[in-house]
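S.K.: What follows is a structure written as structure tokens; I'll ask about it next.
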Amino acid sequence: MFEHTLSYHNSVPSFGVWGFNMARNGAPLPRSYDFEIATRYLDRAVMDAALIFGKDIEKVESPVNSILEPKLYQLYIEDLKS
């Protein structure tokens, strides 16, 4: 487990919305990012927006997911039932 996590999401063409997580121990992760290299898409405004989730998306305590123990899939199925 990690001491600090940061969730973000973005729309991936032809795949829909994808979510990602950064994690580390030690110093907290920054809440804003400046990029030192030029990119075709990613900049500070895009990253800032990726950190914002709608109020219908809440943080849920969940177990560690793995190929051998697909806990995320099980949570997804349970959510579909409700």
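S.K.: Placing +1 at every Lys and Arg Cβ and -1 at every Asp and Glu Cβ, with all other atoms neutral, what dipole size does the range 4-81 have around its Cα centre, in debye to the nearest 20? Let's see the in-between values first.
M.R.: Numbers: 8 positive and 10 negative charges, 12 e Å.
Result for the range 4-81 is approximately 60 debye, rounded to the nearest 20.
S.K.: Note down the relative contact order for the chain as a percent, whole number, built from C-alpha pairs under 8 angstrom at least six residues apart. Show your work: numbers first, answer last.
M.R.: On the way: 65 pairs, mean separation 17.3, N = 82.
Reported as a whole number, the value is 21 percent.
S.K.: Report the normalised scattering of the range 4-81 as log10 I(q)/I(0) at q = 0.22, 0.27 Å⁻¹, calculated by the Debye formula with identical scatterers on the alpha carbons.
M.R.: -1.28, -1.42
S.K.: Something else: For Lys55, go through the aspartates and glutamates and keep the ones whose alpha-carbon is under 19 Å away, minus same-chain ones fewer than eight residues off.
M.R.: Within reach: Asp79.
S.K.: On to the next question. Given R₀ = 25 Å, what would the calculated FRET efficiency be for Glu58 paired with Ile37, taking r from the Cβ atoms and rounding to 0.05? Before the final figure, lay out the partial values.
M.R.: On the way: r = 34 Å, r/R0 = 1.38.
My answer for the efficiency is 0.15.
S.K.: Quick one: angle between helix 71-81 and the longest Cα principal axis of the chain, in degrees between 0 and 90, rounded to 10, please.
M.R.: Around 70 degrees separate the two axes.
S.K.: Could you compute the FRET efficiency for Leu51 and Tyr73, with r as their C-beta to C-beta distance and R0 at 22 Å, rounded to 0.05? Before the final figure, lay out the partial values.
M.R.: Numbers: r = 26 Å, r/R0 = 1.17.
Given R0 = 22 Å and the Cβ-Cβ separation, E is 0.30.
Where a number appears in this text, it was derived from the coordinates with a stated rule and is not lab data. No experiment lies behind these values; they were computed from the predicted model shown. Don't worry about glycine lacking a Cβ; one is built from the backbone with ideal geometry, like all the others, and counts go over all protein chains shown.
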